[in-house]
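Here the structure is laid out as structure tokens; the discussion comes afterwards.
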Amino acid sequence: MASTVSDRPGYGQLLRTPGAWTFLLPGFAARQPFAMLTIGIVLLVQHTTGSYGSAGAVAAVSGVSMALFAPQSGRLADRFGQRAVLLPGVLVHAASVGALTALALAGAPLWALALAAVPTGASIPQIGPMVRARWAARLGAAPGRPASPLMTTAAAFESVTDEFTFVVGPVLATALCTGVHPAAGLIAEAALTLVGGLLFAAQRSTQPAVRNAATAAEPHRSALSVPGVRVLAITFLGIGAVFGGMQVSLTAFSEEIGRPGVNGLLYGVFAAGNMLAGIACGAIAWKSGPRRRLIVGYVALTLTASGLWAVHSVPLLAGLGLLVGLCIAPALISGYTLVEALVPASARTEAFTWLTGAVALGQAAAVTVAGQLADAHGASTGFVVPMAGTALALATLLTLRSRLTPRPGGRTVARGIGHREPVTVD
């Protein structure tokens with residue numbers, strides 16, 4: 001249940017947090033390319049090979065690579081600082097995207113494209129988790145006082161920002177690839193990543209404090225050792241299946257009906273629903289806890305995603321895609337809010353990257369499977385992937401939901417790491 005907005009602080013107070021704008025603006029610029037990468041790879045490789053299956057496979061390699069390396073990037077950022085990880089990362093990413101683009105245009109074999117996709121995905125800068133960690137550092141619990149109620153608002157704000165990039169990014173990449181050159185989307189992605197990442201790395205004053213020398217000498221426990229993080233990671237795999245399945249299937253559907261330009265519009269409507277729901281979630285003062293909201297939102301997501309395969313017209317697909325998007329934001333926001341209650345501050349960037357990586361891994365698997373299905377049986381069968389992915393993740397979430405509750409008194413222990421935060425999660 002929700003009460004009125006006036007019951008707690010909202011977006012206005014959040015954005016007045018000292019130092020917030022110094023990382024929000026460059027952070028927005030730096031994360032924009034994240035939404036362009038997968039669709040840019042799919043459109044370029046499909047153009048050069050003529051196969052959605054091949055395009056999906058290359059995009060999947062980059063997604064799996066990101067999912068495997070992102071938590072390591074988050075762990076290094078927690079230990080050595082975000083700037084130390086970002087500076088080399090954006091340089092490697094720009095060079096890797098350039099190499100992948102050149103190979104695709106040269107007609108290189110699939111194995112060469114897949115090989116180039118490994119560093120491309122591994123070097124994707126984890127701007128979203130880093131921004132969330134900065135919010136947690138600004139608003140999180142301190143000795144003697146509870147965490148700020150603005151943490152939920154911050155989680156919603158970040159979800160809205162993420163989804164705005166997924167409104168703009170795919171549309172921009174599609175427009176560049178179809179209207180300028182098939183490689184233009186990836187070239188723009190690399191340039192924006194380089195410029196935005198360097199600007200974000202320059203904001204030293206707001207990055208979370210790194211562990212001191214004495215603490216750094218102690219063994220660092222992974223955020224994945226927290227049981228709740230593992231459950232959330234599986235849950236976010238299903239959300240990734242929606243993103244990946246929608247990207248490939250909408251592209252294939254648009255090509256199938258002879259209107260390739262409608263792809264960006266359809267995906268933009270889907271992402272717009274996500275963004276609108278995110279705005280609403282952050283503006284409401286919730287009486288129910290994030291765990292309950294996560295379960296309710298995920299049930300709704302599974303139900304709406306289950307109907308995509310049966311829709312064969314642009315208006316109906318746009319409408320159902322909007323509903324699917326409306327259901328994603330509550331699940332994402334609730335999951336990210338739970339991290340603040342479950343994970344010690346010293347491991348939060350890593351925890352956020354595990355969730356981001358899970359989305360990328362689910363997206364990679366969905367892109368691969370949906371691409372193969374679209375090639376073999378038509379675009380509609382690709383939409384089975386979001387249905388199956390969310391259904392499996394929902395079953396896991398319902399079975400293991402008790403692990404999303406901190407220990408009594410708010411103490412969360414991760415193989416020896418503990419902290420106290422009186423946060424209500426149910």
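The values are calculated or read from the model by the stated rules, or taken from the named source; none is laboratory data. Keep in mind that what you see is a predicted model, and the values were worked out from it rather than measured. Cβ: placed from backbone, ideal geometry, glycine included. Neighbour counts: every protein chain shown. When the accessible area is computed, the model is the full protein with side chains, heavy atoms only, and any ligands, DNA or RNA have been set aside. Shrake-Rupley method; radii C 1.70, N 1.55, O 1.52, S 1.80 Å.
Table for the structure above
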quantity: Contour minus Cα-Cα distance for residue 91 and residue 398 (0.36 nm per residue); calculated: 106.3 nm
quantity: Between helix 150-179 and the chain: long-axis angle, C-alpha atoms, 0 to 90°, nearest 10; calculated: 10 degrees
quantity: Crossing angle, helix 348-377 versus the chain [Cα axis fit, 0-90 degrees, rounded to tens]; calculated: 20 degrees
quantity: Set of segment 370-394 residues, backbone N closer than 17 Å to the point 7 Å along the Cα-Cβ line of residue 310; calculated: 380-388, 391
quantity: On Cα atoms only, tilt of 290-305 relative to the major axis of the chain in degrees; calculated: 10 degrees
quantity: Potential extension, residue 210-residue 377 segment - 0.36 nm per residue separation minus Cα distance; calculated: 55.0 nm
quantity: Rg to Rh quotient for segment 266-334, alpha carbon positions, Kirkwood Rh; calculated: 1.02
quantity: By accessible area with a 1.4 Å probe, ligands and nucleic acids excluded, highest first: order of 199, 86; calculated: 199, 86
quantity: Length released on extending from residue 106 to residue 299, taking residue separation times 0.36 nm less the Cα-Cα span; calculated: 64.9 nm
quantity: Gaussian network model of the chain, Cα within-10 Å springs - most flexible of 84, 272, 300; calculated: 84
quantity: Choice from 83, 132, 75 with maximal GNM fluctuation in the chain (Cα, 10 Å cutoff); calculated: 83
quantity: Debye log10 I(q)/I(0) for the chain, one point scatterer per Cα, at q = 0.09 Å⁻¹; calculated: -0.50
quantity: Euclidean distance of C-alpha centroids, segment 6-53 and segment 311-389, integer Å; calculated: 15 Å
quantity: Highest-fluctuation residue, 103, 322, 237 considered, GNM on the chain with Cα pairs under 10 Å; calculated: 103
quantity: Sequence of 312, 181 from largest to smallest accessible area, 1.4 Å probe; calculated: 312, 181
quantity: In nm, spacing of pseudo-spin labels at residue 99 and residue 84 (7 Å Cα→C-beta vector); calculated: 2.5 nm
